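S.K.: Before I ask anything, let me first share the structure, which is written out below as structure tokens.
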Amino acid sequence: MIFTDAQPLILSTDCRPDYDIIVHLVPDGVRVLDLGCGTGELMERLVRERHAVTRGVDLHQPSVSACISKGLSVFHGDIYEGLADLPDDSFDFVILSRTLQQVSEPDGVIREMLRVGSRAIVSFPNFAYWRIRLHLTAKGTLPVSDALPYAWFNTPNIRLITLTDFEDFCRRSGFAILEKVALSIGDGRHPRQIHHLTDWRGEYGMYLLGRKASSR
């Protein structure tokens with residue numbers, strides 16, 4: 001599955017248009033593990049639109065309670081706990097959406113994702129996005145925006161990731177990049193995919209990862 005200018009993906013204008021891409025990437029009837037699932041909106045869509053068998057992991061108790069109230073299967077704990085006790089190939093897809101920049105051991109987490117599932121979907125804000133570059137150049141301070149809604153002193157983000165950095169990391173770590181989507185949210189009313197100069201123009205990066213033959 002390749003996203004091209006000739007095959008555009010229609011994105012919704014809700015608060016998480018990246019969910020449209022995830023739903024598009026996930027086939028019907030598969031098993032999906034959502035790490036950091038929040039209140040379960042993505043799992044609900046995958047169940048409704050893809051007839052997926054889903055399980056979530058989240059550390060925030062109110063989010064876990066919200067998932068349970070919706071009839072969703074969820075584990076209360078951090079992503080490391082959520083992955084550690086699962087056997088190999090428990091799921092078809094494991095999702096880590098907009099959370100990689102908060103993970104202390106990204107290499108280990110992605111390896112565990114690809115042990116537990118045959119495919120991993122990872123997304124994160126791109127710290128090389130042109131508005132961030134411009135803001136730093138003009139003002140000398142870290143920007144606060146919808147994509148990065150925290151100041152430097154209270155942000156949960158412990159890593160500054162660019163799309164180029166992540167792709168180099170995947171090559172060195174032996175993760176196969178099966179699909180890449182760069183996404184611009186903009187004002188939230190007109191989200192769109194970016195096909196050119198992605199490290200400059202993509203506000204978010206989303207990657208479908210697989211195991212290389214030599215990694216197993």
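The values are calculated or read from the model by the stated rules, or taken from the named source; none is laboratory data. All values reported here derive from a predicted model rather than from experimental measurement. Here Cβ is always computed from backbone atoms with ideal geometry, including for glycine, and neighbour counts include all displayed protein chains.
S.K.: For the stretch 32-136, please list each of the helices (runs of 4 or more DSSP H) lying entirely inside it that holds at least 3 residues being within 19 Å of R16 (Cα to Cα). Give the steps one after another, and end with the answer.
M.R.: On the way: elements: 41-50, 61-69, 79-84, 106-116.
It comes to 41-50, 61-69.
S.K.: Answer yes or no as to whether V32 is crowded, with 19+ Cβ neighbours inside 10 Å and either at pLDDT 95 or above or over 17 Å from S123 (Cα atoms) (or both).
M.R.: When the stated conditions are applied, V32 passes them.
S.K.: To continue, here is another question. Confirm whether M113 is at pLDDT 95 or above and farther than 24 Å from L163 by Cβ. Spell out how you get there, then give the answer.
M.R.: Numbers: at pLDDT 95 or above: yes; farther than 24 Å from L163 by Cβ: no.
Answer is no for this residue.
S.K.: While we're here: Of the residues R189, R171, only one is more than 21 Å from V32 (Cβ to Cβ) and at pLDDT 85 or above; which?
M.R.: Exactly one of R189, R171 is more than 21 Å from V32 (Cβ to Cβ) and at pLDDT 85 or above, namely R171.
Conditions tested, residue by residue: (1) loosely packed, with under 13 Cβ neighbours inside 10 Å; (2) at pLDDT 95 or above; (3) on the phi > 0 side of the Ramachandran plot.
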{"position": "I10", "(1), (2), (3)": "yes, no, no"}
{"position": "D28", "(1), (2), (3)": "yes, yes, no"}
{"position": "L42", "(1), (2), (3)": "no, yes, no"}
{"position": "R48", "(1), (2), (3)": "yes, yes, no"}
{"position": "D92", "(1), (2), (3)": "no, yes, no"}
{"position": "I95", "(1), (2), (3)": "no, yes, no"}
{"position": "S104", "(1), (2), (3)": "yes, no, no"}
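S.K.: Here is a further query. What is the residue count in the stretch 50-61 for residues that are of a type in the set (A, V, I, L, M, F, W, C) and surrounded by fewer than 17 Cβ atoms within 10 Å (Cβ to Cβ)? Can you show your working first?
M.R.: The first filter runs over the stretch 50-61 and keeps only residues of a type in the set (A, V, I, L, M, F, W, C), leaving 52-53, 57, 59.
Then keep just the ones that are surrounded by fewer than 17 Cβ atoms within 10 Å (Cβ to Cβ); that gives 53, 59.
Counting residues in the stretch 50-61 that are of a type in the set (A, V, I, L, M, F, W, C) and surrounded by fewer than 17 Cβ atoms within 10 Å (Cβ to Cβ) gives 2.
S.K.: Determine which single condition V64 fails, assuming it passes every other condition in (1) in contact with a Leu (Cβ under 9 Å, 6 or more places away or on another chain); (2) free of Cβ contacts under 8 Å to residues at least 60 places away in the same chain; (3) buried (at least 21 other Cβ atoms within 10 Å of the Cβ).
M.R.: Every condition holds for V64 apart from (1).
S.K.: Being in contact with a strand residue (DSSP E or B) (Cβ under 6 Å, 6 or more places away or on another chain) and among the hydrophobic types (A, V, I, L, M, F, W, C) narrows it down to one of L134, L96, L160, so name that one. Steps first, answer last, please.
M.R.: Working: L134 fails: in contact with a strand residue (DSSP E or B) (Cβ under 6 Å, 6 or more places away or on another chain); L160 fails: in contact with a strand residue (DSSP E or B) (Cβ under 6 Å, 6 or more places away or on another chain).
Residue meeting the stated conditions: L96.
S.K.: Is it the case that the stretch 66-78 has a residue that's at pLDDT below 95, under 17 Å from the mean Cα position of the chain (by Cα) and under 17 Å from R119 (Cβ atoms)?
M.R.: no
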